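What follows is a set of notes on a single structure, which appears directly below.
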Amino acid sequence: MLHSLSELLRHERGFTANASHQLRTPLTGLQLALEGGLAQDDDAGLRPVLTEALATTHRLHHTVEEALLLSHAREASRSAAGKIAVGQLLREAEERWHGLFARDGRRLECAARDTPTDVLVPGAPVSEVLGILLDNARVHGRGTVRVAVRDLEDALAFDVSDEGAVAGEPAQLFDRGHTGGGQGAGIGLALARDLAVSLGGRLALSSAHPATFTLLIPVDEDEAQGAPE
């Protein structure tokens, strides 16, 4: 019992640290963007600054929601997470991230490979993990970024890949504060891994070249039948 309590405390401390880091980064970016907007002499230049600031506040809102969900036990967080169809999840991810990649001259492709698009998954947690993986691909990756969903019968695999490569020890990528400089290096992957585990799944680097992270999410039989009409 003492060992279990120690593990629980260790996990809670680790999650709190991961979540706080994940919140500080967009907050810093939001602050810099607004400061840059105030320095603008041209009012027309304020619109893209405000648009980006609004997108950042939305990301912060989702992160805070997940932090609240994961403060409860695993089953509580699973039941509290609303379900969303895979097809809608991919459309929302493409709408949210397409502009950011296009701004850097890069492409984003989202597709479900032989997977019914009406299969239900926990919407907010899976969206948050994909967001963290896409942000890592945008900052540290190269070329076209692809999000592909594969059907593994009792689970779904979400592959997020780009044309770059991962250097160093894969396990260290998920350590909070890791700054090895490769794909996915940073603070977000630690929180993404916690989110995956809270859903009974897992997150791993499935390929170093091309860089590919795979999120596995278990799917119940009822969820595999899709959303009701």
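The values are calculated or read from the model by the stated rules, or taken from the named source; none is laboratory data. Since the structure is predicted, the reported quantities are computational estimates derived from the model, not experimental observations. When we count neighbours, we look across all protein chains shown, and the Cβ atoms used for this are built from the backbone with ideal geometry, even at glycine. Side chains are part of the model used for accessible areas, which takes the heavy atoms of the whole protein and leaves out ligands, DNA and RNA. Shrake-Rupley method; radii C 1.70, N 1.55, O 1.52, S 1.80 Å.
Numbers for the structure displayed
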{"item": "Subset of the range 37-61 [open to solvent by less than 80 Å² (accessible area, probe 1.4 Å) and in contact (Cβ under 8 Å) with a residue 12 or more places away in the chain]", "result": "GLY37, VAL49, GLU52, ALA53, ALA55, THR56, THR57, ARG59, LEU60"}
{"item": "Qualifying position, being assigned to a helix (DSSP H, G or I), of a type in the set (Gly, Ala, Ser) and either touching a Lys or Arg at 6+ places or on another chain (Cβ under 9 Å) or farther than 26 Å from ALA208 by Cβ (or both), among GLY164, GLY99", "result": "GLY99"}
